[in-house]
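S.K.: Quick one: the structure is below, and I'll ask about it shortly.
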Amino acid sequence: MSDPGASDDPVVLSVAAYSDQAEQYEVTHAPKMAETAARFAASLPVPSSILDAGCGPGRDLARFIAHGHAAHGVDLNPRFVAMARRHGPTTLGDLRRVGELFPPASFDGVWAASSLVHLSESEAAAVLAQLAGLLRPGGRLYACVKSAGDTGWLDEPDGRRWYTVWEPDRFADAVAAAGLTVERVDAGVFVEVWASRPPGP
Ligand SMILES: C[S@@+](CC[C@H](N)C(=O)[O-])C[C@H]1O[C@@H](n2cnc3c(N)ncnc32)[C@H](O)[C@@H]1O
């Protein structure tokens with residue numbers, strides 16, 4: 001990761017803000033997303049290859065592996081990468097260049113749980129296109145981003161981060177524009193999109 005002290009990139013600064021309380025983040029977030037991750041895991045034949053894009057400390061990486069899948073994490077925060085590696089293979093890298101990290105059509109599933117939240121809309125759209133290219137035909141994507149509050153800097157108890165807040169339809173449209181078929185949209189404080197890469201070449 002670039003030296004956050006030398007960066008004015010909101011993504012780099014936001015990702016770096018997870019480092020100081022990384023262990024506490026893991027504890028606080030451990031129970032979250034269990035039902036959704038189980039549903040995603042069950043939507044793919046076992047074993048499938050899953051990319052956990054923005055895996056954090058590896059909570060869902062561990063869940064997917066426990067389900068029998070071959071899961072691989074990627075994250076830009078080095079502390080989270082070290083923690084995620086306790087559960088499964090994890091690459092240190094920027095999702096904004098995720099298409100350069102893995103060969104095309106490498107994965108049956110891509111899981112992006114709250115990991116596009118610090119990107120601008122145009123950055124997220126470009127990442128979604130790269131993630132679509134990493135899916136095999138017929139592969140599935142789950143992604144969720146914030147859809148309540150204000151876009152901008154947020155002072156949280158464990159750090160200051162930039163968040164982009166999406167209109168639910170606009171996020172679903174961005175997933176569709178990446179070349180994926182949107183199958184389900186659940187809109188609340190977060191908008192969750194389930195999608196798949198169309199079968200065929
Ligand atoms: C809100 S946390 C979610 C972590 C995990 N997916 C979860 O559900 O608990 C956002 C995660 O995305 C990662 N992230 C954000 N932007 C990223 C980027 N451009 N490249 C790689 N990782 C990124 C952060 O480091 C952090 O681990």
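Bear in mind these aren't lab numbers, they're just calculated from the coordinates by the rules spelled out. Small disclaimer: the values here were computed from a predicted structure and weren't measured. Here the Cβ is made from the backbone with ideal geometry for all residues, glycine too, and neighbour counts use every protein chain on show.
S.K.: Report, please, the projected area of the stretch 96-177 averaged over directions, based on the convex hull of its C-alpha atoms, in nm². Could you put the intermediate results ahead of the total?
M.R.: On the way: hull surface 22.8 nm².
Convex hull of Cα atoms, orientation-averaged projection: 5.7 nm².
S.K.: How many percent of the alpha carbon pairs in the chain exceed a separation of 21 Å?
M.R.: 48 percent
S.K.: OK, next. Which distance in nm do the two modelled labels at Arg170 and Ala187 give, with both placed 7 Å along the Cα-to-Cβ direction?
M.R.: About 1.2 nm, to one decimal.
S.K.: If we sort 27-35, 102-110 on the protection proxy, mean other Cβ atoms within 10 Å, highest first, what's the order?
M.R.: Sorting 27-35, 102-110 by mean packing, highest first, produces 102-110, 27-35.
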